[in-house]
Amino acid sequence: MMTFLYRLPFNIKLILISLVPLLAVVFFFFFIQSEKKERIQYTKNFLDRLNMSMDINQAINELQLERRGSLRYLMDANSKQTLLEQRAKTDRSMDTIQRVAEQKEQYAFNFPLGLSTWRQQIDEYTLTPEQTVQYYQMLMDRLRSISYIQSDNPTILAATGDSLRAVFLLSDMINRLSLMRLEIYLVNLDEKLLQSDYLRDFSTNYDLYQSFEQEFISLKDTALIANYTNLAQKGPLHTTLNYIDSIAKTGPQQKLDPENWWETSAAGMDQIRIQHDALMSHVHTIVASIYKAEVKDLKRVTIFLILLTALVLLLLSWVITSIVKQIQYLQNAAHEMAQGETNIYLPQFPKDALGNLARSFVKIDRNNKKVVEAAKAIGNKDFDTVITLRGENDELGHAIVNMSDDLRELTRNNENEIWVQTGYSAINSVLIGKKKLEETCRAALSELIQDLGGDIGTFYLLNEQNQLELNCTYAIYN
């Protein structure tokens, strides 16, 4: 593997090195994008479920009104036209839920769970009031079961606090309160029901209401608790709850005007419903704002990641181009030095591996220049030129030093030989034409003094007795 990597061209190695950070940036780009989109889709799904829950609550309200209208119709207290108008409103609400459910593909059940059959039986007076209450309650419970939504998104949980849980507790309280007030309405509308055990489950429903109420009061949002407590302690809701509490404990003691009760309890119910709808709207606003913020955050992150990717590409391109240019400078410098040139040009390199190599090239060029200058000086017979060795193994430096020493010796020998030959020639030319011995000796002595650069001199001859005999002098008084 290492051998294969060593054999790869340098440009391929640079490309491989650049691919690693580029792939990392691309990976994180798609990873963060995917995570952000998943969070946005989760928030959107939660918002859709919240809208569906609001639609279901509206449908439940319409069903409650239709249930009361159906009971009044069965007891000949309501006209058929009023009931039909309410059924049309209920159908529109149910159609809205069905249409949204089919679009989102979130629910797998059939609407409206036998509602058309019950309506037909009500029109034919074959359904008893008790059965009517049970059937409508079953449908509303079914709808309420799919209206509950939860979230484990920490952003949504932190923003909504107890509001989401409070919404569904209030919804359960409204459901039980609606059922109890309807039962009271019916027993006061029909004396037969008042004398029967129709209210046998009343205490159970009231216990459920109180359990939901206690859970609601135990929430941490003091503002919600204070608002509900204020409603429960005075006004229509207070009157409604007090009467329900007395019936749950002692049963109906006297007959009430059903319509007056309905109006009073309706006002109390509206107080809870207003708080419920306000909370639902508040949660919806919070989640919608979170969704918009996450969409904006996704756009910002996308722009940031695109700019980051572009920046990484630019940096990689700049780094690779810079490295390639530096290597080209070094390559050109090496080629020039191989051709024997000096004074090579290299730009300023950073303090890294390539910079160290460039500075080594400059040092080699300076040493080569010194060698050239030394060679020129030696060529000009300047053998005193100092040659500094670059190291113990500087073969070229040693060779130049040896060459300088050899040329110095050779030059010295040549100069001596030339001097000797020149002297011989000068003396020979002096001696030519001289007849007398003394004149000849004097001329030879004078020439020797000049050639040797002397100031005085004597000339001796060997006589027949093998003794030196002064013949003549130069600049000496005889």
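Which of the numbered conditions does T321 fail, given that it passes all the others? Conditions: (1) β-branched (V, I, T); (2) over 30 Å from A166 (Cβ atoms); (3) crowded, with 18+ Cβ neighbours inside 10 Å.
Tallying (1) β-branched (V, I, T); (2) over 30 Å from A166 (Cβ atoms); (3) crowded, with 18+ Cβ neighbours inside 10 Å, T321 fails exactly one: (3).
Based on what the data block shows, is Q64 more than 45 Å from the chain's Cα centre (by Cα) and surrounded by fewer than 21 Cβ atoms within 10 Å (Cβ to Cβ)?
Details: more than 45 Å from the chain's Cα centre (by Cα): yes; surrounded by fewer than 21 Cβ atoms within 10 Å (Cβ to Cβ): no.
No: the conditions fail for Q64.
Would you mention how many residues in the stretch 329-385 are in contact (Cβ under 8 Å) with a residue 24 or more places away in the chain and over 26 Å from V401 (Cβ atoms)?
Final tally of qualifying residues: 7.
Going through the stretch 454-472 one residue at a time, which ones are surrounded by 12 or more Cβ atoms within 10 Å (Cβ to Cβ) and touching a helix residue (DSSP H, G or I) at 6+ places or on another chain (Cβ under 8 Å)?
Answer for the stretch 454-472, where residues must be surrounded by 12 or more Cβ atoms within 10 Å (Cβ to Cβ) and touching a helix residue (DSSP H, G or I) at 6+ places or on another chain (Cβ under 8 Å): G454, G457, T458, F459, L461, N471, C472.
(1) within 43 Å of the chain's Cα centre (by Cα); (2) part of a helix (DSSP H, G or I); (3) without any contact (Cβ under 8 Å) to a residue 12 or more places away in the chain: which one isn't true of Q131, the others all being true?
Failing condition for Q131: (1).
If the requirement is being closer than 30 Å to N367 by Cα and of a type in the set (V, I, T), which of these qualifies: V430, V420, V401?
After ruling out the rest, the residue left standing is V401.
From the set of residues in the stretch 78-95 that are of a type in the set (S, T, N, Q) and surrounded by fewer than 16 Cβ atoms within 10 Å (Cβ to Cβ), which is nearest to Q64 (Cα to Cα)? Spell out how you get there, then give the answer.
Our first condition is that a residue be of a type in the set (S, T, N, Q); within the stretch 78-95, this holds for 78-79, 81-82, 86, 90, 93.
Going one step further and asking which of them are surrounded by fewer than 16 Cβ atoms within 10 Å (Cβ to Cβ), we end up with 79, 81-82.
Values: S79: 17, Q81: 17, T82: 14 Å.
That would be T82.
Using the structure shown, decide if Y228 is more than 24 Å from L71 (Cα to Cα) and in a helix (DSSP H, G or I).
Values: more than 24 Å from L71 (Cα to Cα): yes; in a helix (DSSP H, G or I): yes.
Criteria met by Y228.
Which of the residues that make up the stretch 343-379 are exposed (fewer than 12 other Cβ atoms within 10 Å of the Cβ) and either in contact with a Ser or Thr (Cβ under 6 Å, 6 or more places away or on another chain) or hydroxyl-bearing (S, T, Y) (or both)?
Y345, S360
Can you tell me which of N175, N188, N230 is over 30 Å from A293 (Cα atoms) and without any contact (Cβ under 8 Å) to a residue 24 or more places away in the chain?
On the way: N175 fails: without any contact (Cβ under 8 Å) to a residue 24 or more places away in the chain; N188 fails: without any contact (Cβ under 8 Å) to a residue 24 or more places away in the chain.
Among N175, N188, N230, only N230 is over 30 Å from A293 (Cα atoms) and without any contact (Cβ under 8 Å) to a residue 24 or more places away in the chain.
Would you mind listing the helices (runs of 4 or more DSSP H) fully within the stretch 146-215 where at least 3 residues are modelled with pLDDT under 90 and surrounded by fewer than 19 Cβ atoms within 10 Å (Cβ to Cβ)?
154-160, 191-195
Quick one: count up the residues across the stretch 306-322 that are β-branched (V, I, T) and under 11 Å from L22 (Cβ atoms). Steps first, please.
In the first step, residues of the stretch 306-322 are kept if they are β-branched (V, I, T); the result is 306, 309, 312, 319-321.
When the remaining residues are screened for being under 11 Å from L22 (Cβ atoms), the result is 309, 312.
Residues meeting the conditions: 2.
Assess whether E183 counts as being out of contact with any Ser or Thr (no Cβ under 7 Å at 6 or more places or on another chain), closer than 20 Å to D207 by Cα and not aromatic (F, W, Y).
Values: out of contact with any Ser or Thr (no Cβ under 7 Å at 6 or more places or on another chain): yes; closer than 20 Å to D207 by Cα: yes; not aromatic (F, W, Y): yes.
So E183 passes the test.
Looking for whichever is out of contact with any Lys or Arg (no Cβ under 6 Å at 6 or more places or on another chain) and in the same structural domain as L182 (by TED's automatic domain parsing) here; the options are E259, E341. Which one fits? Spell out the reasoning first.
Working: E341 fails: in the same structural domain as L182 (by TED's automatic domain parsing).
Going through E259, E341 in turn, just one is out of contact with any Lys or Arg (no Cβ under 6 Å at 6 or more places or on another chain) and in the same structural domain as L182 (by TED's automatic domain parsing): E259.
The values are calculated or read from the model by the stated rules, or taken from the named source; none is laboratory data. Everything quoted here is computed from the prediction, not taken from an experiment. As a convention, Cβ positions derive from the backbone with ideal geometry for all residues, glycine included, and neighbour counts pool all protein chains shown.
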